[in-house]
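Notes follow the structure.
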């Protein structure tokens with residue numbers, strides 16, 4: 001283990017320590033908030049632990065933001081492809097003019 005630590009760059013050491021601390025924080029948070037709570041939906045009610053509720057909300061938020069940003073991402077990707085094509089054409093014209 002000591003050899004592994006010595007081979008790491010300072011930035012990787014920092015990231016490893018932060019990752020371990022965040023993991024411990026998340027585990028402690030999950031243990032502290034394991035009590036169940038009622039969640040009222042329009043047509044039904046469920047009892048779920050606060051930790052699971054937070055995880056579900058985070059996942060749903062991530063998925064919804066990914067879905068809504070997908071269109072913007074594809075538009076930018078198409079624009080990048082068009083601009084790369086223009087660059088290739090202009091570079092080809094420059095090579096032809098130099099000859």
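The values are calculated or read from the model by the stated rules, or taken from the named source; none is laboratory data. The model shown is predicted, which means the values in this text are computed figures rather than measured ones. So basically every Cβ, Gly included, is an ideal-geometry build from the backbone, and we count neighbours across all protein chains shown.
Can you tell me which residues in segment 43-99 are loosely packed, with under 10 Cβ neighbours inside 10 Å and either touching a residue at least 12 places away in the same chain (Cβ under 8 Å) or part of a strand (DSSP E or B) (or both)?
45, 47
Out of contact with any helix residue (DSSP H, G or I) (no Cβ under 6 Å at 6 or more places or on another chain), surrounded by 10 or more Cβ atoms within 10 Å (Cβ to Cβ) and part of a helix (DSSP H, G or I), is that true of residue 17?
yes
What number of residues within segment 28-42 satisfy the criterion of being out of contact with any helix residue (DSSP H, G or I) (no Cβ under 9 Å at 6 or more places or on another chain), outside any loop (DSSP other than H, G, I, E, B) and under 18 Å from residue 56 (Cβ atoms)?
2
I'd like to verify a number: residues in segment 5-14 that are loosely packed, with under 11 Cβ neighbours inside 10 Å and either assigned to a helix (DSSP H, G or I) or at pLDDT 90 or above (or both), how many?
Selection size over segment 5-14: 5.
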